[in-house]
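Report on the following structure.
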Amino acid sequence: MAASISAPHPQTWIEIRPQGMYCVPGGFYVDPVRPVDRAVITHGHSDHARAGHGAVAATPETLAIMTARYGAEPEQDRQALRYGEALTIGEVTVSLHPAGHVLGSAQACLEYRGARIVVSGDYKRRSDPTCAPFEPVPCDVFVTEATFGLPVFRHPDDREEIAKLLDSVALFPERCHVIGAYALGKAQRMIALLRQAGWERPIYIHGALQNLCDLYRDHGIDLGELRPATAGQKGVARDEFKGEIVLAPPSAIADRWGRRLPDPVVCMASGWMRVRQRARQRGVELPLIISDHADWDELLETFDDVGAPEIWITHGREEALMHAASARGYKARALALVGYEEEGQ
């Protein structure tokens, strides 16, 4: 899509402020890092969806996730937008489109006087049974993340990683396999991938995952039988976990909670597991390269699919991606937004 000659270029009506990306004619921010009067939120991870905004527009699933994490905020104006539905805010038409990142994740498409900019939030291109697949949206400017914006980050097929895990479970039936996975998105996706691979036995989960697993189920995602992995006497290994799979937040594995697991094989599901030094630093015995972010090839593929002549890069490894985008004929710009962390990678 190319803007008409008279359409105002997005650089004339999108500003980068300390709070984040601000749409001037709409009077709202996209994924602001501080409380603001009005926000459009792309997804429920805490570095994008923060508490304290006056008004919030997001998908119904993202609003439900924000409620689960922050509680219902009194005095807050909440606008639920289903995928493809349009909302006028100020002089700008806003619509949300699937980003394929986690349940309810969306790209925010902003249209103003014939010009269109798409803020992708975090996204990935490969199949995920727990959320709607990424949908390319033609635009004049595409705003992309660059979490894995280096050529070294090429993620293998998810099925190969799950097969590695199940092979290890079969090889060490006397040990427990504990997987570090972020509470929102990665944990539920790991469970769904295991079910797709034929793992029908109960999966044990840390208590910190229960609330969001329940929320996914409430939105129609089948996770099979889940059992709590938090009961039992502290400091005493539970023999019933031998040969079983346990999911927990990465931070829980290293603390006292982990001592109740019998001779655990420590696994980690993350795109960063491509870097062996990261795995060693975290004491990971079985790294699983499974990410909820686009890898290098998927980032470049996306630029071609959306057809935007201009790419803005928000956070991550900006330099290499700018160079690669320019080499493919796109005008690339780094926005250097701050405040976006590693949750869900």
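Its DSSP H runs of at least 4 residues, each contributing -39,500 (n - 2.57), put the calculated 222 nm mean residue ellipticity of the chain at -6500 deg cm²/dmol, to the nearest 500. Net charge near Ala294, counting Lys/Arg +1 and Asp/Glu -1 over other residues with Cβ under 10 Å of its Cβ? Residues near Ala294 contribute -4 overall. Taking all protein chains as shown and a probe of 1.4 angstrom, Val36 keeps an accessible surface of around 20 Å². I'd like the orientation of helix 186-196 relative to the chain: the angle between its Cα long axis and the longest Cα principal axis, in ° from 0 to 90, rounded to 10. That works out to roughly 60 degrees. Solvent-accessible surface (1.4 Å probe) assigned to Phe134 amounts to roughly 20 Å². Taking Cα atoms only, the orientation of helix 318-327 departs from the longest principal axis of the chain by about 60 degrees. DSSP beta bridges fully contained in segment 1-118 are about 70 percent antiparallel.
Per atom type, segment 88-149 shows carbon and sulfur on 48% of its accessible surface, probed at 1.4 Å. Rounding to the nearest 10 and keeping the result within 0 to 90°, find how far the Cα-based axis of helix 60-70 lies from the longest principal axis of the chain. In the chain, helix 60-70 runs at an angle near 60 degrees to the longest axis.
Expressed as a whole percent, the accessible area of segment 2-81 that falls on carbon and sulfur atoms is 49 (1.4 Å probe).
Report the local net charge at Ala57: Lys and Arg +1, Asp and Glu -1, summed over other residues whose C-beta lies under 11 Å from its C-beta. Spelling it out: positives minus negatives among the neighbours equals 0. Computed over neighbours whose Cβ is under 14 Å from that of Asp140, the net charge equals +2, Lys and Arg +1, Asp and Glu -1. For the chain, the Cβ-based charge dipole about the Cα centre amounts to some 820 debye (Lys, Arg positive; Asp, Glu negative; other atoms uncharged). Given +1 at the Cβ of Lys and Arg, -1 at the Cβ of Asp and Glu and no other charges, the dipole of segment 1-133 around its Cα centre is 300 debye to the nearest 20. Between segment 129-204 and segment 56-116, how many Å separate their Cα centres? Here the answer is 25 Å between Cα centres.
For Trp312, the accessible surface of its heavy atoms amounts to roughly 0 Å² (probe 1.4 Å, protein chains only, rounded to the nearest 10). Of His155, His323, the residue with the largest accessible area leads and the full order is His323, His155 (1.4 Å probe). Just to be sure I understand: with springs between alpha-carbon atoms less than 10 Å apart, which residue in Glu318, Glu91, Glu111 has the highest mean-square fluctuation in the Gaussian network model of the chain? Largest GNM mean-square fluctuation: Glu91. In the context of the full set of protein chains, residues of segment 100-141 present 26 Å² of accessible surface per residue (probe radius 1.4 Å, heavy atoms only).
Taking Val178, Val306, Val102 as the candidate residues, the one with maximal mean-square fluctuation in a Gaussian network model of the chain, Cα springs under 10 Å, is Val306. For a straight C-alpha distance cut-off of 12 angstrom, the aspartates and glutamates reachable from Lys242 (same-chain residues fewer than eight places away being disregarded) are Glu174, Asp263. For Glu75 and Asp157, the difference between the fully extended length at 0.36 nm per residue and the C-alpha to C-alpha distance is 25.0 nm. Full extension of the chain between Ala51 and Ser326 gives 95.3 nm of extra length, using 0.36 nm per residue less the Cα-Cα distance. Secondary structure note: in the chain, about 35% of the DSSP beta bridges are antiparallel. Write down the accessible area per residue of segment 163-286 in Å², having rolled a 1.4 Å probe over the full set of protein chains. Per residue, segment 163-286 has an accessible area of 46 Å². Comparing Gly114, Pro10, Leu103 along the charge dipole axis of segment 1-140, the residue lying farthest to the positive side is Leu103, per the Cβ-charge model. On the accessible surface of segment 220-291, probed at 1.4 Å, how many percent belong to carbon and sulfur atoms? That fraction is 44 percent.
If you bin all the Cα-Cα distances of the chain at 10 Å, starting from zero, the percentages per bin are 5, 25, 32, 22, 11, 3, 0, 0.
The values are calculated or read from the model by the stated rules, or taken from the named source; none is laboratory data. Bear in mind that the values here come from a model prediction, so they are computed numbers and not experimental data. Cβ coordinates were reconstructed from backbone atoms using ideal geometry, including for glycine residues, and neighbour counts include every protein chain displayed. Please note that ligands, DNA and RNA were not included when accessible areas were found on the heavy atoms of the full protein model with its side chains. Shrake-Rupley method; radii C 1.70, N 1.55, O 1.52, S 1.80 Å.
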